[in-house]
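In what follows, a single structure is set out as structure tokens and then discussed.
The numbers here are math on the coordinates, done by the rules we state, and not lab data. Here the structure is a predicted model, which means the values were calculated and not measured. Note that we place each Cβ from the backbone using ideal geometry, even for glycine, and neighbour counts take in every protein chain shown.
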There are 2 protein chains.
Amino acid sequence: MRYEDLADLPCSITRPLVILGDRWTLLVLKASFAGVRRFNEFQSALGISRSRLQDRLGRLVEHGILDRRQAADGAHVEYRLTRKGHDIYPILMAIRDWGDAYMAPDGPPARYRHRDCTGEAHVQLTCEACGTEVTAHDITPEPGPGILSHLGRPGAELGQ
Amino acid sequence: MRYEDLADLPCSITRPLVILGDRWTLLVLKASFAGVRRFNEFQSALGISRSRLQDRLGRLVEHGILDRRQAADGAHVEYRLTRKGHDIYPILMAIRDWGDAYMAPDGPPARYRHRDCTGEAHVQLTCEACGTEVTAHDITPEPGPGILSHLGRPGAELGQ
DNA sequence: CGGAGTGGTCTCGTTTTGGAACTGCCGGGG
DNA sequence: CCCCGGCAGTTCCAAAACGAGACCACTCCG
């Protein structure tokens, strides 16, 4: 089985991971959220090779996560987050919370503050019905509507 | 620069990504949360090659995310999530929320319900001071204590 | 025109990956 | 006891992904 075929599985964790879950993609997006927009800027900020960066940016544009456009002065190109790309932020913040908890022995390298009140922002997994914060132990997955069209398909035994 | 050297940067997004951000690692963890514990079970659930699975499991054990132990019957090996591994769940749920929003045209393939009240669980990025939900636009990163020890180091220009 | 800066491409040697065959271990049944 | 099947883990090789650097085409600016 090829890795890309996983994108056909009816799983909302697997499908994004086929796009985002490789060596550089989420780091490129992290730079995007930090305000990086230009090719050379990405390259020097991340230390990624040019050909790899080209590949990753192209893939993100292809999936509608970044938008590639000529800048106002016409002299260079800009890669900017789309709405879809902007909504990836909670994923990066969830990673950061875990990194702060387990990989930052000297304390958090950065604080991510709410601009309005200077409080720190954190990710919470909450139940939309009762509002309490939940963990993996409190969750039971069950089939949803999106799985119906996949029931009799080949490969349906993979994933959950 | 080698990819693994990124782990030295003082950034709580970059450091976890060096461990978790490759082709299979988060999918292995997704299977773990779904109750998969045995080598062959991981392999048939994911379609990953045996050598790759061996590498990924070993790396996760090495980082204290999974615990490798002999099962009670002594006949086989089990890989179970540690506390550190268990805390990765919000990352997967953030990915799922995004996947449900943008990669599930037929609706969510699965619902993740709160066992106590059957409400659905979702990830929120909230300000711990004022309690409101925030997005990337509302956040201003600033230096934290963990960055001090890295100020004069080589490579400090990378990251943000 | 010439030089600097841009995004992007090409090539080459290295590393990572996928697939499948193979090993060694253990328990159960004859 | 021996054989067999299932298990985790290893080894091998071809293919794909990768890093580094040279190279190209274009645009602005003087």
(message) Need one number: nm distance between label points at B:ARG115 and B:THR135, each 7 Å from Cα along Cα→Cβ, rounded to one decimal.
(response) 3.5 nm
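With +1 on each Lys and Arg Cβ and -1 on each Asp and Glu Cβ, how big is the dipole of segment A:3-149 about its Cα centre, in debye rounded to the nearest 20? Mind showing how you got there, number by number?
Details: 18 positive and 20 negative charges, 161 e Å.
Here segment A:3-149 has a charge dipole of around 780 debye.
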(request) Within segment A:7-48, which residues have the backbone N less than 20 Å from the label spot 7 Å out from A:ALA71 along Cα→beta-carbon, could you tell me? (result) A:28-48
(request) Between A:GLU128 and A:GLN54, with labels modelled 7 Å along Cα→Cβ, what's the label distance in nm to one decimal, could you check? (result) 4.3 nm
(message) If R₀ is 35 angstrom, what is the calculated FRET efficiency for the pair A:ARG80 and A:ARG2, using the beta carbon separation as r and rounding to 0.05?
(response) 0.65
(request) Give me the net charge of B:THR132's neighbourhood, meaning all other residues with Cβ under 9 Å from the Cβ of B:THR132; Lys, Arg count +1, Asp, Glu -1. (result) -3
(message) List the trypsin sites (Lys or Arg not before Pro) within segment A:99-153 that DSSP assigns to loop and that have no more than 15 neighbouring Cβ atoms inside 10 Å.
(response) A:ARG115
(request) Can you list the distances in nanometres, one decimal and ascending, from the A:GLU62 label point to the identical position in each other copy, with the point 7 Å along Cα to Cβ? (result) 3.0
(message) Using only DSSP helix segments of four residues or longer, with each worth -39500 (n - 2.57), what per-residue ellipticity at 222 nm results for chain B after dividing by its residue count and rounding to 500?
(response) -10000 deg cm²/dmol
(message) Can you tell me, using C-alpha contacts under 8 Å and at least 6 residues apart, the relative contact order of segment B:51-113 as a whole percent?
(response) 20 percent
(message) Sequence gap at least 6, Cα distance under 8 Å: using those rules, report the relative contact order of chain B to the nearest whole percent.
(response) 17 percent
(request) Using only Cα atoms, locate the centre of segment A:88-117 and the centre of segment B:91-120, then give the distance between them in Å, rounded to an integer. (result) 23 Å
